[in-house]
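Okay, so here's the structure we're looking at.
The values are calculated or read from the model by the stated rules, or taken from the named source; none is laboratory data. Since the model is a prediction, treat every value here as computed from it, not as a measurement. Because the Cβ atoms are built from the backbone with ideal geometry, glycine has one as well, and the counts that use them run over all protein chains shown.
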Amino acid sequence: MTSSANHNPVVHIVDPDVNAASGAETAVHQIIEALNEQGCQVIASTHPQEALQTFHGHTEIGCILVNWDLGKKGISTEKYIREVRERNELIPIFIMTEKHRLEEISYELMSLTQGCIWKMEDTPQFIAGRVERALHRYLDGITPPFFKELMQYTREYKYAWHTPGHMGGLAFLKSPTGRLFYHFFGENVFRADLSVSVPELGSLMEHSGVNGEAERQAAKIFNADQTYFVTNGTSTANKIVGCACLKRGDIVLVDRNCHKSLQHAITLTGAIPIYLIPSRNAYGIIGGIHPEEFLLKAIQETVRKCPLIRNKKQKIKLTVITNSTYDGLIYDVVEIKQRLQKVCDNVMFDEAWYAYAHFHPIYHDRFAMCKTHDETKHPNIFATQSTHKLLAAFSQGSMIHVRSGQNKVDPDRFNEAFMMHTSTSPQYVIIASLDVAAKMMEGKAGRALIQESIDEALIFRKKIVQMAHQIKKKDRSWWFSVWQPPFTAKRKMNDQPSSWLLKAKDRWHGYAGLQSDFLMLDPIKVTLLTPGVNLDGSMQASGLPAPIVSKFLMNRGIVDEKTGFYSFLFLFSIGVTQGKSSFLLSSLSLFKKLFDQNVPFAELFPDLAAKYPEKYAHLRMQEFAQTMHQHLKKKDIAKTTLKVFSQIAEPKMPPYEAYEHIVDDKVQELPLQKLLGKTAAVMLVPYPPGIPIVMPGEIITKPVLDYLSAFEDFDRAFPGFETETHGIVPKQEEDGLRYYTQVIIHK
Ligand SMILES: *Cc1c(COP(=O)(O)O)cnc(C)c1O
């Protein structure tokens, strides 16, 4: 049996004769017949241009036979072969020709192929045999090690007495409910769900066998010294790196723009956090950490000011930076490494949303495992990536990549932290998906996939801008704008880094005091802005808050990544197709049309109008948008946000101590009105933008309360459009909704 167990192998034949009158006894038809007899399916194209499209759309093709003589129309065979090779370096290609024309084919071109087939001289059966061998070798070559062995083992189907207890799904079949479940997912999911006691598959904990081989291949593909597969998401990956680098009392320097798993890592280890504060603009878009903050002097100053650190000479053990930021800004990683080499031994980049960076030159030197690395000077570098977020893997499939610097990372010691957080029964289907995700990105194929995402994003960006021009010309009315440099004939929008760098003198980004080129906007992360806020944070007379548009899109099945008050974000990942992005465009246009017609609220949001008739039933859309905008304007939301995020945290106790209060039941739940000056027991993270405004153990200040009460008022005023703040429990009381949170009870 071959790797393509459930499918017939597919051969693509590109030959102008292939559609000639059926039954014609041409050589190519005899070859097709022989291939069919071998069990191969054949897809045929007559023109090379069409053939390229077919190849593009049919990833099941496992071998190509192309006629040397493709006629005068379209591109030549040579060009065709080169284009296929740009996407796929491995697929076997045979040139069909006649011996006397061999001298027309250059040696170099020949080396891109598996050779020639003499279609008049070799027998069809001989040719079919050659094709089939090449095809199976190819399928074998594209199947990564763990997945290969898992398929093999699953097929052999041993009678096993080990866990999981469902025994390849059989247990489910003994119950009607179980049977529904079994048939929904299909046989293979269950048969491939194996236990660690299967020796053929190696061990995730020991990185042995095909499991270890898969990790080593991934390390090569992602340019790491070591790669670790994590089956519980980057949430766990971050805790592993945290536990590998930190112990109680150590100082950790953390991007304030961090995922909550970092706070968990800090709590677990008992480390003392100090923070790097990213800038932000009036839209609430996070602008990255200023390079000055990475200077030894600046960090020493932060240490000096932190009341929790007694030994001010202590070295920083770990620095954590979110790259890219949630809004798609990416750092000059080499500059960060250079600055931090004097500060600390270990730097972790949380690249949960950024696992694709290695595969396209636009991201050159802007990701953790980048080319430029000096292992005699730079710190040890860790990258944690949610493979499942922007590459193709099952949920929870993540990777840790490690690159040693001046202080070598010892894999055995690191593995102690890895095992601490890894289940002794990891899900093999997730591991196989990580193995496959890595293999998919290998070589030119990976580059082509990312190129496609970038191209899609560029088309979308250009279209939004073009529509803005058209609308402006027609009636000067509103449209969405894209948060990006104002492209001109001189500064073109393309897939070069120079198009996307943030320059100090540019105004579009809205950040003051930038260092040019330190940050770059990732073109695949597209932020659209709605009217309402100026770049300086002042609010316009009228506006269209983004949650309204976002809700409309949601009702049409379009879910954005993140909605701010006047912005929303879309990701162009490798799963985005042209159909998907044009549906987004047409939905945005439809929203504008309905909004401009000022349709009743109930027409766009019938469910909300029915649920809250006294609030919404009488409103039309423009009136509703105005009410929401005026509400936000009265709260001066842009400036309230800026204020809370630029304040320096006041820690009363380290996070682990705050957590110990929870365990000891020394916390209480209080409403906002009673929180001033209290110590937070949990992290408070409003969405948007998803960045903690208070960490456990920090004192709750006036700007924090102003900000939270703006959210509370918003939720009261606009039911159905509620914001979300982790750490806050909203409670419906007689006089409306109230926010509560847990604080420390001091003795
Ligand atoms: C999503 C996310 C994580 C956690 O990743 P999971 O794979 O969901 O566990 C960590 N860091 C950042 C920045 C994230 O956005």
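Things to note:
- Unique residue being within 16 Å of the ligand (Cβ to nearest atom), under 20 Å from the mean Cα position of the chain (by Cα), surrounded by 23 or more Cβ atoms within 10 Å (Cβ to Cβ) and under 16 Å from Ile450 (Cα atoms) when the list is Ala352, Ala368, Ala357: Ala357
- Exactly one residue out of Glu660, Glu669 is charged (D, E, K, R) and part of a strand (DSSP E or B), and it is Glu669.
- In the condition set (1) hydrophobic (A, V, I, L, M, F, W, C); (2) out of contact with any Ser or Thr (no Cβ under 9 Å at 6 or more places or on another chain); (3) part of a helix (DSSP H, G or I); (4) within 15 Å of the ligand (Cβ to nearest atom), Ala437 is compliant with all but (2).
- Residue count for segment 319-348, restricted to those that are more than 11 Å from the ligand (Cβ to nearest atom) and in a strand (DSSP E or B): 8
- Selection of segment 273-289 for residues being over 24 Å from the mean Cα position of the chain (by Cα) and either within 11 Å of the ligand (Cβ to nearest atom) or surrounded by fewer than 24 Cβ atoms within 10 Å (Cβ to Cβ) (or both) yields Ile274, Tyr275, Ala282.
Residue-by-condition table, conditions (1) out of contact with any Lys or Arg (no Cβ under 8 Å at 6 or more places or on another chain); (2) assigned by TED's automatic domain parsing to the domain that holds Asn534; (3) surrounded by 20 or more Cβ atoms within 10 Å (Cβ to Cβ); (4) touching a residue at least 12 places away in the same chain (Cβ under 8 Å):
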{"residue": "Tyr656", "(1), (2), (3), (4)": "no, no, no, yes"}
{"residue": "Lys666", "(1), (2), (3), (4)": "yes, no, no, yes"}
{"residue": "Glu669", "(1), (2), (3), (4)": "yes, no, no, yes"}
{"residue": "Leu672", "(1), (2), (3), (4)": "no, no, no, yes"}
{"residue": "Ala681", "(1), (2), (3), (4)": "yes, no, yes, yes"}
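- Taken across segment 456-467, residues that are touching a residue at least 12 places away in the same chain (Cβ under 8 Å), part of a helix (DSSP H, G or I) and among the small types (Gly, Ala, Ser) do occur, with at least one present.
- Qualifying residue in segment 153-170 (condition: modelled with pLDDT of 90 or more and part of a helix (DSSP H, G or I)): no
- Checked against (1) of a type outside the set (A, V, I, L, M, F, W, C); (2) within 16 Å of the ligand (Cβ to nearest atom); (3) closer than 20 Å to Pro651 by Cβ, Lys313 meets all criteria but (2).
- Condition check for Cys258: hydrophobic (A, V, I, L, M, F, W, C) and within 16 Å of the ligand (Cβ to nearest atom): yes
- Test result for Ala218, in a loop (DSSP other than H, G, I, E, B) and either within 12 Å of the ligand (Cβ to nearest atom) or of a type in the set (A, V, I, L, M) (or both): no
- Count of residues meeting criterion [surrounded by fewer than 18 Cβ atoms within 10 Å (Cβ to Cβ) and either outside the structural domain of Arg556 (by TED's automatic domain parsing) or in a helix (DSSP H, G or I) (or both)] in segment 603-625: 10
- Any hit, segment 546-559, residues being assigned to a loop (DSSP other than H, G, I, E, B) and buried (at least 18 other Cβ atoms within 10 Å of the Cβ): no
- Once segment 371-394 is narrowed to residues that are surrounded by 23 or more Cβ atoms within 10 Å (Cβ to Cβ) and within 11 Å of the ligand (Cβ to nearest atom), the residue that is modelled with the lowest pLDDT is Leu390.
- Check on Lys239, in the same structural domain as Gln300 (by TED's automatic domain parsing), within 30 Å of Gln341 (Cα to Cα), within 16 Å of the ligand (Cβ to nearest atom) and surrounded by fewer than 19 Cβ atoms within 10 Å (Cβ to Cβ): no
- No other residue among Pro199, Pro144, Pro164 is touching a residue at least 24 places away in the same chain (Cβ under 8 Å), within 26 Å of Gln226 (Cα to Cα) and either of a type outside the set (Gly, Ala, Ser) or surrounded by 14 or more Cβ atoms within 10 Å (Cβ to Cβ) (or both) apart from Pro144.
- Flag if Ser586 is within 28 Å of Val465 (Cα to Cα), part of a helix (DSSP H, G or I), without any contact (Cβ under 8 Å) to a residue 24 or more places away in the chain and not aliphatic (A, V, I, L, M): yes
- Considering residues of segment 395-420 that are of a type outside the set (Ser, Thr, Tyr) and within 11 Å of the ligand (Cβ to nearest atom) only, the residue surrounded by the fewest Cβ atoms within 10 Å (Cβ to Cβ): Gln396
- Just one of the listed residues (Ala393, Ala417) is within 23 Å of the chain's Cα centre (by Cα) and of a type in the set (Gly, Ala, Ser), namely Ala393.
- Residue, farthest from the chain's Cα centre (by Cα), within segment 472-491, restricted to residues that are buried (at least 16 other Cβ atoms within 10 Å of the Cβ) and touching a residue at least 60 places away in the same chain (Cβ under 8 Å): Trp478
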